[in-house]
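Taking it in order: structure first as structure tokens, then the write-up.
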Amino acid sequence: MSEPILLSGYDAKRCARRIHNEWDPTIDKTEWVIPAGLQMRFDAGIAFETAVFTELKAALTEHRYVDLAGVRGKANAIAATVDAIERQVDVIIGGWLPDDPDGGRTGRPDLLLRTASGYVPGDVKGHKTFARRAKGTLTYSVLEDPASVLAVDGLGAETTARFDDYLQLAHYWRMLEALGSSATGSARGFIIGTDNVADLASSGRVLTWIDLAAPFFETYSRSRGAAKRSALERYDHEQGFRLKVARAAATEQPALVEPIFTDECESCPWLDHCRKIAGHDTASAQITSGRLSVREWAALGDAGIATVDDLADLDIGAGSFQAAYLPEVTHLKDPIGRLAVAVRRARMLRDGVAIERETTGPIGVPRADIEIDFDIEWDPDDHVYLWGALVHSKGAAPIYHSVVSWDPLDDAGAVALAEEFARWLRDQITTAEADGHSVLVYHYAHPEPSYLKRLLGEDEVADLLARFVDLLPIIRQHYFGLNGLGIKKVAPAFGFHWRDEDPGGLQSQLWLLEARAAVDELSRTVGQQRILAYNEDDVRATDAIRNGLE
Ligand code: SF4
């Protein structure tokens, strides 16, 4: 008998082509080496989940939970989960629900919680789950009493921004239903995220309840243009479609979906395969900033627009094109405006243009006698370990200055390092101004002032911030970028190039981890020098941009 098609809790939120690739027996399943940056994210997610499980267990008396995370083998884990459900254990950590072959589901919810009327699923996520909402009400529970639902006004669970969480919980909800163990009443679940609100719970950690049956999600509707649908409705649609995709793939029928490139591709094992079959010039693969949605690309594909050249040549005002395209994207607010931006990018790509000026005339950049370009690096624990500055004094070569800690920092250490940098910067300013020289400090985007404020207090650094100039808003006012307006995309257009072949904030975090872990002095020093050179290039890039704007 052939293998039953079972999709996981992640599949309904994943690219449908990925499902095809996984189930098509004619496609070679090649070994995927997880990129180091992605592995770092996975590791952080696992560490967070473990920490939450530990907190949860500490908050409950031992008889109220069972931790199955260490049970080896699927059959054993399922048996242990079913046993815990039959014993009515309040909290089941790391369980594995029995497969649901009729629904085509398999699934391992992080948590199962017993309520008065049955079980509900929960998951742990390394992101925030709610936000301030003037008219909102957050329903939540505390770890000590997870089944008691509390409410507070002025906050609200994230919806569209965390759609993937909803789909995953909907998957587990359907599995609990198939098992006959779901709670009665409205479909629901909860997420334990990184939100830390001391007024709600002594630990600051809460379970955020999410409603799987409420119509939160704006969706394309052929009959109504746009319709609001619930997470369960959206899940049933996405899961049902992916089951069809998997069944067609497994029986070697023609693929129901072709690759459409999205942000998900960057962390997908099938990227090389999809690039090969889609071709290098596929528009969705090449236009990576301001991406169109899968539905928009699919509608363009149906209208015969597949490559960058097709898109660059598209006359979006043509009646025949709009008649075919617009009915497919009725749920979007400004589909033609969105498409026009994509067409502009396709033309820039075809013509080899990275940024385009949107204005004419001189661009006013504030100038001073002493100019300091400034950039920071932070580690995976969000501690700033390097404060770098390039000081330009008239008539002298610029001097790079750094305040750095190569040892891992705790919160107090990060504050101390920030204080050291602030002292140095203040000294530069007061000395220069005492001599009658003006001083300005240039940075690109918000992290530099944000971290300074967060670490030392806004009032305490107000004198420094008064001299800061953010170049990004100036760039935004005057330029349009093929790949956005990040410093790595903009500086090359002003003639600046990083010495490192692979510059980037995430990469620098990896170099830092490697340098910290290096067992020999030489490797450690090489890693540290690479980071310092990268940071120095960042401040030199800021210098190149502001001087190029004149
Ligand atoms: S590379 Fe992209 S298009 Fe291909 S399967 Fe992965 S996510 Fe889908």
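At a glance:
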read-out: Criterion violated by residue 136 - all others in (1) in contact (Cβ under 8 Å) with a residue 24 or more places away in the chain; (2) part of a strand (DSSP E or B); (3) closer than 23 Å to residue 187 by Cβ satisfied; value: (1)
read-out: Filter result (out of contact with any Gly (no Cβ under 7 Å at 6 or more places or on another chain) and of a type in the set (Ser, Thr, Tyr)) within segment 313-356; value: 320, 325
read-out: Enumeration of residues in segment 422-459 that are exposed (fewer than 14 other Cβ atoms within 10 Å of the Cβ), acidic (Asp, Glu) and in contact (Cβ under 8 Å) with a residue 12 or more places away in the chain; value: none
read-out: Among the candidates 161, 147, residue that is modelled with pLDDT of 95 or more, of a type in the set (A, V, I, L, M) and out of contact with any Phe, Trp or Tyr (no Cβ under 6 Å at 6 or more places or on another chain); value: 147
read-out: Residue match in segment 315-322 (condition: among the aliphatic types (A, V, I, L, M) and either assigned by TED's automatic domain parsing to the domain that holds residue 505 or at pLDDT 95 or above (or both)); value: yes
read-out: Options 409, 386, 417: the member that is under 21 Å from residue 529 (Cα atoms) and part of a loop (DSSP other than H, G, I, E, B); value: 409
read-out: Residue tally, condition of a type in the set (A, V, I, L, M, F, W, C), in a loop (DSSP other than H, G, I, E, B) and either out of contact with any helix residue (DSSP H, G or I) (no Cβ under 9 Å at 6 or more places or on another chain) or farther than 17 Å from residue 175 by Cβ (or both), over segment 65-116; value: 4
read-out: Flag if residue 427 is charged (D, E, K, R) and over 32 Å from the mean Cα position of the chain (by Cα); value: yes
read-out: Residue match in segment 462-480 (condition: loosely packed, with under 15 Cβ neighbours inside 10 Å, on the phi > 0 side of the Ramachandran plot and not in a helix (DSSP H, G or I)); value: no
read-out: Flag for residue 345 being of a type in the set (Lys, Arg), under 27 Å from the mean Cα position of the chain (by Cα) and away from the ligand (no atom under 11 Å from the Cβ); value: yes
read-out: Exclusive hit being outside any loop (DSSP other than H, G, I, E, B) and away from the ligand (no atom under 16 Å from the Cβ), set 238, 328; value: 328
read-out: Number of positions in segment 69-93 that are surrounded by fewer than 21 Cβ atoms within 10 Å (Cβ to Cβ), small (Gly, Ala, Ser) and in contact (Cβ under 8 Å) with a residue 12 or more places away in the chain; value: 4
read-out: Residues of segment 14-40 satisfying the condition of being closer than 21 Å to residue 168 by Cβ and touching a residue at least 24 places away in the same chain (Cβ under 8 Å); value: 14, 15, 16, 17, 18, 19, 20, 21, 22, 23, 38
read-out: Qualifying strands (runs of 3 or more DSSP E) (wholly inside segment 159-231; at least 1 residues being surrounded by fewer than 18 Cβ atoms within 10 Å (Cβ to Cβ)); value: 217-221, 225-229
read-out: Odd one out for residue 486 among (1) in contact with a helix residue (DSSP H, G or I) (Cβ under 7 Å, 6 or more places away or on another chain); (2) more than 20 Å from residue 405 (Cβ to Cβ); (3) of a type in the set (Gly, Ala, Ser); (4) without any contact (Cβ under 8 Å) to a residue 60 or more places away in the chain; value: (1)
read-out: Residues satisfying the stated conditions in segment 250-271, i.e. without any contact (Cβ under 8 Å) to a residue 60 or more places away in the chain and part of a loop (DSSP other than H, G, I, E, B); value: 251, 253, 254, 261
read-out: Every residue from segment 253-290 that is within 12 Å of the ligand (Cβ to nearest atom), within 18 Å of the chain's Cα centre (by Cα) and closer than 26 Å to residue 222 by Cα; value: 261, 262
read-out: Which numbered condition residue 507 fails, given (1) buried (at least 18 other Cβ atoms within 10 Å of the Cβ); (2) within 24 Å of the chain's Cα centre (by Cα); (3) polar (S, T, N, Q); value: (1)
read-out: Enumeration of residues in segment 1-46 that are within 16 Å of the ligand (Cβ to nearest atom) and of a type in the set (A, V, I, L, M, F, W, C); value: 7, 12, 15, 16, 19, 23, 27, 32, 33, 34, 38
read-out: Total residues in segment 24-45, condition more than 30 Å from residue 252 (Cα to Cα) and either part of a loop (DSSP other than H, G, I, E, B) or modelled with pLDDT of 95 or more (or both); value: 1
read-out: Residue satisfying condition, being assigned by TED's automatic domain parsing to the domain that holds residue 419, of a type in the set (Asp, Glu) and more than 25 Å from the chain's Cα centre (by Cα), within set 501, 514, 448, 460; value: 460
read-out: Checklist (1) part of a helix (DSSP H, G or I); (2) in the same structural domain as residue 468 (by TED's automatic domain parsing); (3) not aromatic (Phe, Trp, Tyr) applied to residue 344, failing item; value: (2)
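The values are calculated or read from the model by the stated rules, or taken from the named source; none is laboratory data. Quantities reported herein were computed from a predicted structural model and do not represent experimental measurements. Cβ coordinates were reconstructed from backbone atoms using ideal geometry, including for glycine residues, and neighbour counts include every protein chain displayed.
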